[in-house]
1. With springs connecting C-alpha atoms under 10 Å apart, model the chain as a Gaussian network and identify which of Gly53, Gly25, Gly11 has the largest mean-square fluctuation.
2. When the Karplus curve 6.51 cos²θ - 1.76 cosθ + 1.60 is applied with θ = phi - 60°, which whole-Hz ³J(HN,Hα) does each residue of region 37-50 get, with x for Gly and Pro?
3. For Gln46, put the label point 7 Å out on the Cα→Cβ axis and report which residues of region 3-20 keep their amide N under 12 Å from it.
4. Note down the relative contact order for the chain as a percent, whole number, built from C-alpha pairs under 8 angstrom at least six residues apart.
5. Once you sort the root eigenvalues of the Cα gyration tensor of region 26-68 as a ≥ b ≥ c, which label holds: rounded (a/c under 1.5), prolate (a/b larger than b/c) or oblate (the other case)?
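Throughout, read-outs are computed from the coordinates displayed, never taken from laboratory work. These numbers were taken from a predicted model, which means no experiment stands behind them. Glycine gets a Cβ as well: all are built from the backbone with ideal geometry, and neighbour counts include every protein chain shown.
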Amino acid sequence: MLDFATPVPDGQSPVRGLDGGTELGKRYTADEPDSTLELLATKAGQGTLSVGGEPLIVKIPKSLPASD
């Protein structure tokens, strides 16, 4: 991961298997029921967010109750 202000060095690309991309505004979490890790993507990119080589998954938003 690079700092937001750091330009991407020429010739670098995501590791194969972690090149699925990151979507702007999505929340990502580890694929473990007891994980407390949650990230909010503030910039889209070609690389997949991961922890220890395991890709993070997009967190499914909870439905809000209907208001009448």
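1. Fluctuation is largest for Gly11.
2. Whole-Hz 3J(HN,Hα) from phi for region 37-50: 6, 8, 10, 10, 6, 9, 8, 6, x, 7, x, 9, 5, 8.
3. Residues passing the 12 Å test: 8-16, 19-20.
4. Relative contact order, the chain: 32 percent.
5. It is oblate, given that a/c is not under 1.5 and a/b is not larger than b/c.
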